[in-house]
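All remarks here apply to the structure that follows.
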Amino acid sequence: MKTAQRQFTTISGVPIEPVYGPEQVQELDRSRDLGEPGEFPYTRGIHRDMYRGKLWTMRQFSGFAVPEETNRRYRYLLEQGQTGLSVAFDLPTLMGYDADHALSEGEVGKCGVSICSLEDMETLFQSIPLGDVTVSMTINSPAAVLWAMYLAVAEKQGVAWTRLSGTLQNDILKEYIAQKEYIFPPRPSMRLVTDTIEFGARHTPRFNPISISGYHIREAGSTAVQELAFTLRDGIEYVDWALERGLATDEFAPRLSFFFNAHSDFFEEIAKYRAARKIWAYVMRDRYGARNDRSQMLRFHAQTAGCSLTWQQPYNNVVRTALQAMAAVLGGAQSLHTNSLDEAYALPSEHAVTIALRTQQVLAYETGVTQTPDPLGGSYFLEKLTLETEQAANDYIQRIDGMGGMIKAIEAGFPQREIATASYRYQREVEAEERVIVGVNRFQSDDQPIELLQIGETAARKQSEKLAALKKRRINRRVEQSLDALRRSAEGSENTMPAILDAVRAYATLGEICDALRAVFGTYQETSHL
Amino acid sequence: MPRPIRVLVAKPGLDGHDRGAKVIARALRDAGMEVIYTGLRQTPEMIVNAALQEDVQVIGLSILSGAHNAIVPRVLELLREKDMGDVKLIVGGIVPDEDADALRRQGVAAVFQPGASLDSIVTFIRSAVPA
């Protein structure tokens, strides 16, 4: 059996010394670099008592087929002790098309739940009181529309917007960089994001209007440093746009939230979360003059790495996920999604998602890692890795500043090329067996088949029938008027949220609303960077 | 010197996850093939037209969203209609075993599932395309 490695590096390629001691961290200054837990620069966590005070939110990303079925899954997860909801939408919804659109064929309800109108959103949250549960929604290009539907459901449930708590992903920049679910060009997209941040600052004080996401950047094949640097530089871009709109930093910055990957390299991930908090605290204090502590605190959700799951020997994925989740907890995550063992194949079965939730519960209640904040702080290795990660991320941030900001960098294809190169290098290392993936390029064996969630083609038919019925039932003149008003609002410079809300309340469909915006903003095609 | 093998790497459907398509495109290029990458959100018609114009011997479709049963048969049908039956169609992505069998029966030359090595894909294309 081979045991000796030729090179010792993190999974991202950062060299690792034979041993770490005080000499590696001579430069470390306790008050400048660490602080205490709950104190600037929050390297050791944003709360003094951390998980002693409150555990992280266990939030499983979930959604499939039609709203009725997803609503049943949500109620099941809440009964099993899950503490927050997280909505996965299907591809047509993410791209702003109704289920009956030609481009939706074959995709309705496959990667998430199909939502075409306020009616679907009402069904999705039937018997789930929105004042009592926090809800995260993974939606980006049409985020303003889906959020308006959510706000309208709250109105119908009689829940004041000020009581709503949750998170809208709404991070369009990482779509151009990594996940590629964009509709409009970057600048009108940024205007919509800024509209939601402004609207949230005025009307929904407990709701995070954006979750600035590195997760998808990492899944696209970036290194840990690239994930961190591009995400924080995206954050800087959103802050600049909100300031340009006339908001004061401390008015909106406390509600900016983040979302990172929890990948397989245990210490590199923990270093990444610690460096993230530190960089953001200094950026907000020194670059933007934020006074409010909460503006300086980086709060984040973590999800274990989908790209690390293997199709071969799927039960090994339970182990991978548990270790990745532990890194997120030791790194001080505020909420966590653990992937299910079958997700290299399909959306998770109820059985698989239950094991994933139980994994979090074992971490929280059996391992003891929750009993003191930042338990690995002070480790020579971890502190050195945190400093190196911070330095490398700051170098990238300065390069992007030098290009004139993230939109310019995206238009030049810079982050896209950096990620593609990193992902190709990693794949080559796997092929050369320089990186071992258990069950894939080493320790192979025959697989036992596992039971998978099946999603048929009935979702498309059911959703199309509901759309047809809705279009007969609603007052179509009111729909037309609201869409005209939305077009005028989009052509001007005012906040589009009130007009989007009116269209949603009139039961204009997602596709109709996005078409109105497409007519004004145009659509985006990327130049492919191989 | 023989003419290099020409491959169209295409990303059909609404999904934007292009990591796999890009890695494959680079690997085929490094293996000496001429690679044309379509970019995102291509319809079957766009893909077959591009294959015709670029005169490729192989089309590689990357599909991760579960839409393969709607997309792949349409591409096969268009290839037959345009008398391009000699173009090899290969599919990579998240395709369950039973769907992979069905796609092969319909005329797909090969289906590569998660974990397939770049080498195995290069080797297959070299063996499938007559020199």
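The values are calculated or read from the model by the stated rules, or taken from the named source; none is laboratory data. Keep in mind it's a predicted model, so treat the numbers as computed, not measured. Note: ideal-geometry Cβ built from the backbone for every residue, glycine included; neighbour counts use all protein chains shown.
For this structure, a couple of remarks:
- Checking residue A:440 against (1) without any contact (Cβ under 8 Å) to a residue 40 or more places away in the chain; (2) crowded, with 18+ Cβ neighbours inside 10 Å; (3) among the β-branched types (Val, Ile, Thr), the condition it does not meet: (1)
- Scan segment B:54-79 for residues that are touching a Leu at 6+ places or on another chain (Cβ under 9 Å) and assigned to a loop (DSSP other than H, G, I, E, B) and the total you get is 4.
- A count restricted to segment A:345-389 and to residues that are hydrophobic (A, V, I, L, M, F, W, C) and over 20 Å from residue A:269 (Cβ atoms) stands at 6.
- Check on residue A:306, within 14 Å of chain B (Cβ to nearest Cβ), surrounded by fewer than 24 Cβ atoms within 10 Å (Cβ to Cβ), out of contact with any Cys (no Cβ under 6 Å at 6 or more places or on another chain) and touching a residue at least 24 places away in the same chain (Cβ under 8 Å): yes
- So residue A:328, is it of a type in the set (A, V, I, L, M, F, W, C), modelled with pLDDT under 95 and either in contact with an Asp or Glu (Cβ under 8 Å, 6 or more places away or on another chain) or surrounded by 20 or more Cβ atoms within 10 Å (Cβ to Cβ) (or both): no
- Count of segment B:75-96 residues which are in contact with a strand residue (DSSP E or B) (Cβ under 7 Å, 6 or more places away or on another chain) and either within 14 Å of another protein chain (Cβ to nearest Cβ) or β-branched (Val, Ile, Thr) (or both): 7
- Cβ-Cβ under 7 Å pairs, at least 6 apart or on other chains, segment B:97-114 side more than 14 Å from chain A (Cβ to nearest Cβ), far side of a type outside the set (Asp, Glu) and part of a helix (DSSP H, G or I): B:106/B:73; B:106/B:76; B:107/B:76; B:108/B:72; B:109/B:128; B:110/B:124
- Sole residue being among the polar types (S, T, N, Q), closer than 20 Å to residue A:166 by Cα, out of contact with any His (no Cβ under 8 Å at 6 or more places or on another chain) and at pLDDT below 95, chosen from A:70, A:123, A:83, A:93: A:83
- For segment A:437-455, residues that are of a type in the set (D, E, K, R) and within 14 Å of residue A:341 (Cα to Cα) total 2.
- Residue selected from segment B:30-50 under the condition buried (at least 20 other Cβ atoms within 10 Å of the Cβ) and more than 26 Å from residue A:421 (Cα to Cα), by the criterion farthest from the other protein chains (Cβ to nearest Cβ): B:48
- Residue A:311 meets the conditions (1) in a loop (DSSP other than H, G, I, E, B); (2) among the aromatic types (Phe, Trp, Tyr); (3) away from chain B (no Cβ under 13 Å) in every case but one. The failed one is (3).
- Complete set of residues in segment A:67-88 that are among the hydrophobic types (A, V, I, L, M, F, W, C) and surrounded by fewer than 24 Cβ atoms within 10 Å (Cβ to Cβ): A:77, A:78, A:88
- Residue match in segment A:138-160 (condition: in contact (Cβ under 8 Å) with a residue 12 or more places away in the chain, at positive phi and either part of a loop (DSSP other than H, G, I, E, B) or among the acidic types (Asp, Glu) (or both)): no
- For segment B:76-92, filtered to residues that are out of contact with any Pro (no Cβ under 6 Å at 6 or more places or on another chain) and of a type in the set (A, V, I, L, M, F, W, C), the residue that is farthest from residue B:104 (Cα to Cα) is B:84.
- Meets criteria (closer than 21 Å to residue A:427 by Cβ, in a helix (DSSP H, G or I), within 14 Å of chain A (Cβ to nearest Cβ) and of a type in the set (Gly, Ala, Ser)) for residue B:27: yes
- Taking segment A:226-304 as the region of interest, the helices (runs of 4 or more DSSP H) fully inside it that hold 3 or more residues being within 25 Å of residue A:409 (Cα to Cα) are A:266-282.
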